[in-house]
Each structure stands twice: as structure tokens, then as C-alpha cells.
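Participant: Below are the C-alpha cells for one structure; questions will follow.
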Amino acid sequence: MHSIRSLCSAVRLISATVTLTISAFASQQLTQQPDLQVIGADSEAIAEMDALLQSFVDDGRLNCVSALVAKEGNVVYHKAFGWKDLENKIPARPDDYYVLFSQTKAITSVAFMLLVEQGRVSIDDPVSMYFPGIPNTVVTKVHEDGSYETRPAAQPMTFVHLLSHTSGLGAGLVREIRAAQGAPSGAPAGFGGPIPENPPAGQRTGGGNSESQTLEEEMLALAEYPLGFDPGERWEYHVSTNMLGYLIERISGQPLRDFVKEHILLPLGMEETDWYYEPEQLSRFVKPYRLEDGELKAATTLYSEATIRTPHSYAEGAIGLNGPIEDYAKFCQMLLNEGTYNGVRILKPETVRAMTRINRLPVDAENDNGFRFGLGFELHTHQKPVPAVSDLAFAWGGMFGTAYLIDPGHDLIALFYVNMIDQEALYPSFLEQAYQLVPTVQSPAPDNASSNPANVMIEDGGSGAYSAVATEREALPGMTLFQPANLDVFESNLTLPVLLWGNGACANTTQEHKNFLSEIASHGYLILAIGRLDQIHERDERSREPTHSGQLLEALDWILQQNRDPQSEYYGKIDTHHIAAMGMSCGGLQAIEISGDPRISTTIVCNSGVLPTPSPMPLMPSLDKDALLHFHGPVLYLMGGPSDIAYGNAMDDFARVNHVPIAMANLDVGHGGTYHEPHGGAYSPVALAWLDWHLKGQSSASQWFLDESKLREQDAGWTLETKGF
């Protein structure tokens, strides 16, 4: 699992001054009823959206729908169609209340991150530090009488596990234990579960105890059971967020409802969103329906009625919030604005990025369905509801049919609300049309300062002395070059060392590593990286095309020939004697595989190591440990600490390599590293110090690896082991 050791470290590593095109962000608030002609809204597309949503009603596929789309903070669409109450022909209105179910989870997750920012907890803290009663054993067998066997959990549960639904709470064989004890099936009432004769106050799903008066009571009962799997082992939805809500109460000293209202809902002006209401507000709710045999039939009103029952003491973290679509749009716009709305800061930008840019799920390369999840949100880096969605988008929704999407790549939020059981999959059709409402020639990617597709600037070109660009050359297909934008300054007495780069997952894109690579290039390096330039911001299936180590050597042959060609822009500008092989994860194995080439001066292996047996994965280089003997120059392993899935392989490599100087630098940020962070995060200065030492001969840079204290000045979390220096 990809994890960072603490948000405090992330705060230090991510510069608040990073320049993002999307961060001029938009509007600090939602502008209602903007001049659609001025902002370039497409009137025909708006009419087509009207027709689409009305057709859902006319065709009897749903009773009513509410939709809101905002582009660059301008609300270009906010309408409702159909009947709030079909039997009584009460028309739907844009300010109707909807039961939001799991849209509550995102707000609970943001509430927890507020505590992280206050320094009261870290996302990587064991939950047991704050709740000693959290289970630390895993059930292995359940007997017919309900008794069971357990073993110790392989690792403690952390808050990352709760935020990403990988905690193991209430999962797997635990359901068999509860079933043997006579507990309900766990299916929500009306969604396969029975509707109680005497419904309790508040919407609830947590531990199945409808008599509990507080979330604490419910979670203490849940904690009596072991875990269904080791924390971090896999994704299983949804009770983790209930436990997260309870931990918010324990850490903050406030009931969850009070904390969320005080710190999120009221500051954002979400005054109509809540767990509970006064009885007269029940009429604001749309009536739920279900589609049965092609006919709309009234469904249970249990959930809306639960909001007016007393006492108002039970509020859980996973479900329970309700309200109008415009309220939740304010929350979405706040996240799109990286933490602020209407002049109020809820979260820091680096916190929002930590929640929405890093996959926290283990990825099975053989059975990868593309699903990714961060801290509270699905990430659309690999799996998209419609093709127009950018790789930066994140989203979720609710079981009653509400859905939202936040897309920084297009500066857009889109919300689609229905309240139906067994509804049709109508959301993708809406979303596809939402991207047509304000068409653009090409929405700028967040860090692209160049409109020339063959000359892309990342993060204003990096922080080095030579502003860098990502580019490509027709004669070198399938490769992206990261290089100083102005090559004129390089000549015989100032030449460019060459870096050959392979990507994580052996992907055909440098998307995840572009900040890191651009930053290095800005310090006077030419990087030949496997991957298509047109996949650098928004991917399609070509990013999954197979890549191979030979591409790196072919690229090296090409640039050396260019250096000899008087007609080439690279003529005489390349340092042909100082070349590094480098790559991350699968790309790290590609770098190891080419390190035997006599032209390679040094190797940097990032978040990778040779597997103990040849990899069964078809795209990964099939190396054995003998491949380490090909190293003939100094080697740096740049790793993500014990939480890095490649850590064991890398440490074994380090132990075996005794014939060349080798350094092992670890920062406990997990397998994902810091490449995606502004200017490549903490990895960049370490990699640069190594390259400056071994490719540019800067002796002062050697101190980073000859004196661990120098490395730790950059970040106290770094550890260093060396041999052969």
C-alpha cells in the first residue's frame, strides 16, 4: 500500500508556492447565474442537457433529478426535472433535499484531515494510539457454533487504512461470526435488509445495532470482533468511515455532528446540510422510488423520516447527511480550489493533494481493474466514468443515486442527484454532456505553461537554472525528452549529461514522474524517458502499451548520433561520457537490465529491486539476482522505506552488491515516492546530489552520501546506508 509517514512531512515537502494553472483557481465561490455568453457556454449543449434529463423522466426511468455543473466557478447548469412526489404531482425544485448516504464519507474524511492539520494526529499513526480497543487480530476460521480462531494482524491499523477502506473492520469471515450469533445480514433497510418496526432516530448502517444511542456505542460493539483481513491488504467498503467518525469524536472531544457543522458545514455556508432536521423540514425531501418491472413504485421513506426522529444523538461518519445539491456543490468547489471557498480556508492545498493524488490501495498487476482510491475519494487516474474525465479527477457518490465529480484538469465540478433504489446507470450520460456545456479547444493541464503540444512546460520549468520543457522528436517515437528549453547555452565547455528513465509499471507515459523529471532537467540534464508525450497529462489506452528496456539503449544510440551531427540541435552539446540509467519500480528493473552497457556511468534504482524469483508479470523484466553483477559504476537505491512494497527486494540487492560503491537512501513515504509532489518532492534534491557528484564531478554533492547528517538536513526522515566509498 502506498502511504506517507505523516502529513506533517507532506506539508514540509510540498511547497505552497508551486505554480499551477488550475490554482489561480478559479473562483473562490460559485457564481450563480453568470452571463453564459460571456463565459462561452454552449446554448445548444445546455438545451441538449435539458432534453436528456427530461427524457429520463418522460421515459419513466426516474421520478425526478437535480443536476449542477460549474466550470471555473461559474454555475453553468443548475436545474431540476420531474416530480418530487409522483402521486401528488409535486414538481421537483433545485433546492429539494436529497438523502446523500455515502456522500457523507467525504465530509467525514475532510473533518479528520482538519485534526491532522492541527497536529493532533497523523494519518500514519496506529489507531490504537487513540483507541486501545481497536482489534489487532485477524479471524482465520469460523466454527458452526459461531466460535472462531484468530492470529495476530500482520501490521497495526492506521488512519490511512480507515480513510481508504482497507482496515479489515467487519469484513470477510467476521460476517459469518455475526450471522452465527444471529446478527442481521448487514444489508441496509430497504436495500435488501428488513425495515424495522420501530425505526430509530438517525440514518445508520454501522454495526447493525439499531438500539444504540450514540456512534460510540455502535463502534465499541464493532470493535469486539476481530478483523476480516490484515490492514492494508485489500479494499472493503464502508464501515471504516464510521470508525473514523468515532475517532474524530475521541480526538476532538466533540460529537461528530457538532465538529463537522462547526468546522466545515457552517463555514462553507452549507446551512441546509445536516444529519437531523425539525419536523416541518420533512416536506423538503424528494420522495424515493424504485424501478420495478419497468414501473416506478414508491420506496421506503425510512431515511428521510429518520432525520426528524429524536433523540438527535446518533450521527455516523459513513452515511447520514442530507441536503440540497447546491450545498454540496460548495464543498466540491472548496476541494477544487484546493481547500478554500468564499475566502474561508478549510484545508491546506497540500492536504487536498495528499487526499486526492496518491493511490492508497494495493495494486494486483495481474488483476488490475483500474480502480484507485485515495483518502476518502475514488481517483480517476486509470478508471473513468466517461473519456472526457481527466486523470486528476476524483469522485464518489451515494447508494440512493447521488453522485459528484471534481475535475481539476478541467476546472469543473458536476453533481447528479436522484433518490432511487435499483436505479438505472444514467449518471454517465449526464456526465458526458456536462463536459460539453462550456467547450474549450484544450483545457490546460494543471502544470502546463505551454500551449504547444510538442513543447510542454511543467511547473514553470522547474526550479533550476535552466527552465525545462518536455518534448518529443519524430525520429525517437515513444519517448519523451525532458531538457532545458534553451539549448544555446550548452557547448563544448558546458554539456548535458544524459539520464535514461523507465516508468513505474513500465508504463508508456511519464505522467506520474513528470514533476520529478522536469525538476532534474532544469538543473542541466537531458532525460530520455520512455513514454508518449501526448499521454503526459491525460491518458488513453496507449499509455498501457508495452514498453521494454531496449528503448532506453535505442534512445541513447540516437542522442549520441545527434551529438555528432552538425545539422542537429544537439550537436556538440551532449556529455557522452556521463550517462545514468534510472527508473522507478518496473522501470527500475529496466534500468538494472541496461546497466551492463559500458556507456552507463551510474545507476539510480527508485522504489525497486530484483525479485527473488523471475517476475511472472508479462511486462516486467525477468531478472534474477545475477543481474546485479552487471553494475560497473556506483549505484544509488532511492527507496520509500519499510512501507515500500519493493523495500525487501531492494535491501536484499544492497546486501548482495559488494563489487561497486552502493548507497541505500530511504524515506518512509511508501512505494509511490514523492515524484508527483511539486518539483518532485524530497526525492529530487537527493537524486540531483547523486547526479551532480557522479555525472558532473561536483565533490560538494558527495557529502549527501558520505555524511548522513547532510542528507537528514533535507528531511529528518531520511536514512542512509553505504558500502564501498
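Participant: Output yes when any residue across segment 521-535 is under 24 Å from the mean Cα position of the chain (by Cα), crowded, with 24+ Cβ neighbours inside 10 Å and assigned to a loop (DSSP other than H, G, I, E, B), and no when none is.
Facilitator: Yes.
Participant: Which one of the conditions (1) modelled with pLDDT of 95 or more; (2) of a type outside the set (Phe, Trp, Tyr); (3) in contact with a helix residue (DSSP H, G or I) (Cβ under 7 Å, 6 or more places away or on another chain); (4) surrounded by fewer than 23 Cβ atoms within 10 Å (Cβ to Cβ) does HIS578 fail to meet, given that it meets all the rest?
Facilitator: Result: HIS578 fails condition (3) only.
Participant: Report every pair of residues separated by at least 6 positions or lying on different chains whose Cβ atoms are under 6 Å apart, first residue within segment 455-474 and closer than 18 Å to LEU528 by Cβ and open to solvent by less than 20 Å² (accessible area, probe 1.4 Å), second of a type in the set (Val, Ile, Thr) and modelled with pLDDT under 90.
Facilitator: ALA470/VAL456
Participant: Looking only at segment 501-524, decide whether some residue is farther than 20 Å from THR674 by Cα and either touching a Pro at 6+ places or on another chain (Cβ under 8 Å) or in contact (Cβ under 8 Å) with a residue 40 or more places away in the chain (or both).
Facilitator: Our first condition is that a residue be farther than 20 Å from THR674 by Cα; within segment 501-524, this holds for 524.
Within this subset, residues satisfying the condition of being either touching a Pro at 6+ places or on another chain (Cβ under 8 Å) or in contact (Cβ under 8 Å) with a residue 40 or more places away in the chain (or both) are 524.
Scanning segment 501-524 turns up at least one residue that is farther than 20 Å from THR674 by Cα and either touching a Pro at 6+ places or on another chain (Cβ under 8 Å) or in contact (Cβ under 8 Å) with a residue 40 or more places away in the chain (or both).
Participant: Being open to solvent by less than 10 Å² (accessible area, probe 1.4 Å), charged (D, E, K, R) and in contact (Cβ under 8 Å) with a residue 24 or more places away in the chain narrows it down to one of GLU316, GLU326, so name that one. Please lay out each step first, then the result.
Facilitator: Details: GLU326 fails: open to solvent by less than 10 Å² (accessible area, probe 1.4 Å).
After ruling out the rest, the residue left standing is GLU316.
Participant: A further question follows. Restricting to strands (runs of 3 or more DSSP E) lying wholly in segment 632-725: which have 2 or more residues that are more than 24 Å from THR613 (Cα to Cα), more than 30 Å from the chain's Cα centre (by Cα) and in contact (Cβ under 8 Å) with a residue 12 or more places away in the chain? Before you say what the answer is, go through the steps one by one.
Facilitator: Working: elements: 635-639, 662-666, 719-723.
Qualifying strands (runs of 3 or more DSSP E): 719-723.
Participant: If you check every pair at least six apart or on different chains, which have Cβ atoms under 8 Å apart with a residue in segment 354-379 that is crowded, with 19+ Cβ neighbours inside 10 Å first and a residue that is part of a helix (DSSP H, G or I) and charged (D, E, K, R) second?
Facilitator: As it stands, the answer is GLY376/LYS105, since those pairs meet every condition given.
Participant: On to the next question. Do any residues in segment 407-436 that are in a loop (DSSP other than H, G, I, E, B) have Cβ atoms under 6 Å from those of residues that are among the acidic types (Asp, Glu) and open to solvent by 10 Å² or more (accessible area, probe 1.4 Å), where the two are at least six apart or on different chains, and which pairs are they?
Facilitator: The qualifying pairs are ASP411/GLU72.
Participant: Still on this structure, please answer the following. Give the residues of segment 16-68 that are modelled with pLDDT under 85, open to solvent by 60 Å² or more (accessible area, probe 1.4 Å), among the polar types (S, T, N, Q) and part of a helix (DSSP H, G or I), sorted by residue number.
Facilitator: If the condition is that a residue be modelled with pLDDT under 85, open to solvent by 60 Å² or more (accessible area, probe 1.4 Å), among the polar types (S, T, N, Q) and part of a helix (DSSP H, G or I), then THR21, GLN37 are the ones that fit.
Participant: Which members of segment 561-572 meet the condition of being open to solvent by less than 80 Å² (accessible area, probe 1.4 Å) and in contact (Cβ under 8 Å) with a residue 40 or more places away in the chain?
Facilitator: TYR570, GLY572
Participant: On to the next question. From the list ALA154, ALA111, ALA179, ALA189, which one is among the aliphatic types (A, V, I, L, M), in contact (Cβ under 8 Å) with a residue 12 or more places away in the chain, out of contact with any Ser or Thr (no Cβ under 6 Å at 6 or more places or on another chain) and exposed (fewer than 15 other Cβ atoms within 10 Å of the Cβ)?
Facilitator: Details: ALA111 fails: exposed (fewer than 15 other Cβ atoms within 10 Å of the Cβ); ALA179 fails: in contact (Cβ under 8 Å) with a residue 12 or more places away in the chain; ALA189 fails: exposed (fewer than 15 other Cβ atoms within 10 Å of the Cβ).
Selected residue: ALA154, the only one of ALA154, ALA111, ALA179, ALA189 that is among the aliphatic types (A, V, I, L, M), in contact (Cβ under 8 Å) with a residue 12 or more places away in the chain, out of contact with any Ser or Thr (no Cβ under 6 Å at 6 or more places or on another chain) and exposed (fewer than 15 other Cβ atoms within 10 Å of the Cβ).
Participant: Return yes or no: is TRP558 surrounded by 22 or more Cβ atoms within 10 Å (Cβ to Cβ) and aromatic (Phe, Trp, Tyr)? I'd like the intermediate steps shown before the answer.
Facilitator: On the way: surrounded by 22 or more Cβ atoms within 10 Å (Cβ to Cβ): no; aromatic (Phe, Trp, Tyr): yes.
Here the answer is no, as TRP558 does not meet what is asked.
Table: residues versus (1) among the β-branched types (Val, Ile, Thr); (2) modelled with pLDDT of 95 or more.
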| site | (1), (2) |
| --- | --- |
| PRO279 | no, yes |
| LEU282 | no, yes |
| VAL286 | yes, yes |
| ASP293 | no, no |
| LEU296 | no, no |
| SER304 | no, yes |
| GLY317 | no, yes |
| TYR328 | no, yes |
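The values are calculated or read from the model by the stated rules, or taken from the named source; none is laboratory data. Treat the numbers as computed from the prediction; the structure is a model and nothing was measured. In this analysis, Cβ positions are derived from the backbone assuming ideal geometry, glycine residues included, and neighbour counts consider all displayed protein chains. Note: areas computed on protein heavy atoms with side chains; ligands, DNA, RNA excluded. Shrake-Rupley method; radii C 1.70, N 1.55, O 1.52, S 1.80 Å.
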